[in-house]
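First up is the structure itself, then whatever we jot down about it.
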Amino acid sequence: MDGMSTDAAATTLRAPRPGAELLAEPMRSRWSPAVFATDAAIDDATLESLLVAASWAPSTGNTQPWAFVATRRGTASYDVVVDSLSAGNSGWVPTAPVLIVAATLVGEHDGRSGKGDYTFYDLGQSVAHLTLQAQAVGLHTHQFAGFDHEAAARGLGIPASFRVLAGIAVGYVGEDAHVEAAAPEDADRHRKERVRRALAETAYDGTWGTPLA
Ligand SMILES: Cc1cc2nc3c(=O)[nH]c(=O)nc-3n(C[C@H](O)[C@H](O)[C@H](O)COP(=O)(O)O)c2cc1C
């Protein structure tokens, strides 16, 4: 690997990637591991700080349509989430000590209404805040859509007026020993090079199609 140690090479593949060096922390170093440290728990105050961060996200008319169910390893709720996972996610997701199910209001609940597109927009932004708070306190997150959303909603008692959209695996990033103990496909996913489309394809200056000056 051009004289780089395996660890150095692996770090280069993860964060910061070229173009992301100019970012402030914690955006600079955020990435989604596929192997968490299976032997590291998250204390209650730290977990609460993630959900407080989510709650302080901006939202349309301050409607705060989001709702989260946090589950800890060793509980029946955590097992509900694990049992609902798609095949591709069932190896790596349970390496995280906390799994959070994210839902948003799509009906009527306690006099609040979740109609319209912005309920989805607001949930995404709230989760972004959660992930960055996690990164800032030394945790990592990896979101996942691949699970049976209805089964998870049923098992966790989420009302029908909320739509489950994603899970968030939260934990401390796996060290070399954890990666070596992981299934080969999960270790590969963990080490996979992170890439982005060129900024010129996604951000324009003044008019559509004009690259930023
Ligand atoms: C809403 C959402 C759903 C995702 N679903 C999955 C999933 O089911 N399985 C998975 O391995 N990763 C999933 N991801 C993780 C993305 O693949 C990952 O964020 C993307 O590859 C960029 O990598 P990075 O987060 O390290 O920058 C999901 C991410 C988001 C935001």
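The values are calculated or read from the model by the stated rules, or taken from the named source; none is laboratory data. All values reported here derive from a predicted model rather than from experimental measurement. All Cβ positions, even for glycine, are placed from backbone atoms using ideal geometry, and neighbour counts span all protein chains on display. Just so you know, the surface numbers come from the protein's heavy atoms only, side chains and all, with ligands and any DNA or RNA stripped out. Shrake-Rupley method; radii C 1.70, N 1.55, O 1.52, S 1.80 Å.
What are the residues in region 99-110 that are open to solvent by less than 40 Å² (accessible area, probe 1.4 Å) and either within 22 Å of residue 121 (Cβ to Cβ) or assigned to a helix (DSSP H, G or I) (or both), if any?
Just the residues of region 99-110 that are open to solvent by less than 40 Å² (accessible area, probe 1.4 Å), to begin with: 99-105, 107.
Once the filter is applied, which keeps residues that are open to solvent by less than 40 Å² (accessible area, probe 1.4 Å) and either within 22 Å of residue 121 (Cβ to Cβ) or assigned to a helix (DSSP H, G or I) (or both), region 99-110 yields 100, 101, 102, 103, 104, 105, 107.
Among the residues of region 98-125, those identified as away from the ligand (no atom under 12 Å from the Cβ), touching a Ser or Thr at 6+ places or on another chain (Cβ under 8 Å) and under 13 Å from residue 168 (Cβ atoms) are 98, 99, 100, 101. Only a single criterion out of (1) buried (at least 17 other Cβ atoms within 10 Å of the Cβ); (2) closer than 15 Å to residue 69 by Cβ; (3) out of contact with any strand residue (DSSP E or B) (no Cβ under 9 Å at 6 or more places or on another chain) is not satisfied by residue 154, namely (1). Pairs linking a residue in region 137-163 that is more than 15 Å from residue 100 (Cβ to Cβ) and in a helix (DSSP H, G or I) to a residue that is open to solvent by 50 Å² or more (accessible area, probe 1.4 Å) and within 16 Å of the ligand (Cβ to nearest atom), with Cβ atoms under 9 Å and 6 or more positions apart or on different chains, are 151/83. Among the residues of region 49-81, those identified as under 16 Å from the mean Cα position of the chain (by Cα) and either of a type in the set (Gly, Ala, Ser) or open to solvent by 70 Å² or more (accessible area, probe 1.4 Å) (or both) are 49, 53, 54, 55, 57, 67, 70, 72.
Are there helices (runs of 4 or more DSSP H) fully within region 1-91 with at least 1 residues that are at pLDDT 95 or above and at negative phi? List them. I'd like the intermediate steps shown before the answer.
Details: elements: 6-14, 44-55, 76-83.
Here the list reads 44-55, 76-83.
Contact map, region 170-191: residues that are open to solvent by 50 Å² or more (accessible area, probe 1.4 Å) paired with residues that are modelled with pLDDT of 95 or more and among the aromatic types (Phe, Trp, Tyr), Cβ distance under 9 Å, separation 6+ or inter-chain. Pairs shown: 172/36; 185/92; 189/92.
Restricting region 82-93 to residues that are of a type in the set (Ser, Thr, Tyr) and touching a residue at least 24 places away in the same chain (Cβ under 8 Å), the residue that is least open to solvent (accessible area, probe 1.4 Å) is 84.
When each of 96, 145 is tested for being of a type in the set (Gly, Ala, Ser), within 15 Å of residue 166 (Cβ to Cβ) and buried (at least 23 other Cβ atoms within 10 Å of the Cβ), the lone residue that passes is 96. In region 116-130, is there at least one residue being in a loop (DSSP other than H, G, I, E, B) and of a type in the set (Gly, Ala, Ser)? The answer is yes; a qualifying residue exists.
Say we look at region 192-209 and pick out the residues that are under 23 Å from the mean Cα position of the chain (by Cα) and open to solvent by 90 Å² or more (accessible area, probe 1.4 Å); which of these is farthest from the ligand (Cβ to nearest atom)? Talk me through it step by step, then tell me what you get.
Of region 192-209, the ones under 23 Å from the mean Cα position of the chain (by Cα) are 192-199, 202.
Then drop every residue that is not open to solvent by 90 Å² or more (accessible area, probe 1.4 Å), which leaves 192-193, 195-197, 199.
Numbers: 192: 8, 193: 10, 195: 9, 196: 8, 197: 12, 199: 15 Å.
Filtering first and then ranking leaves 199.
The sole residue among 20, 45 that is free of Cβ contacts under 8 Å to residues at least 12 places away in the same chain and either in contact with a Pro (Cβ under 9 Å, 6 or more places away or on another chain) or more than 16 Å from the ligand (Cβ to nearest atom) (or both) is 45.
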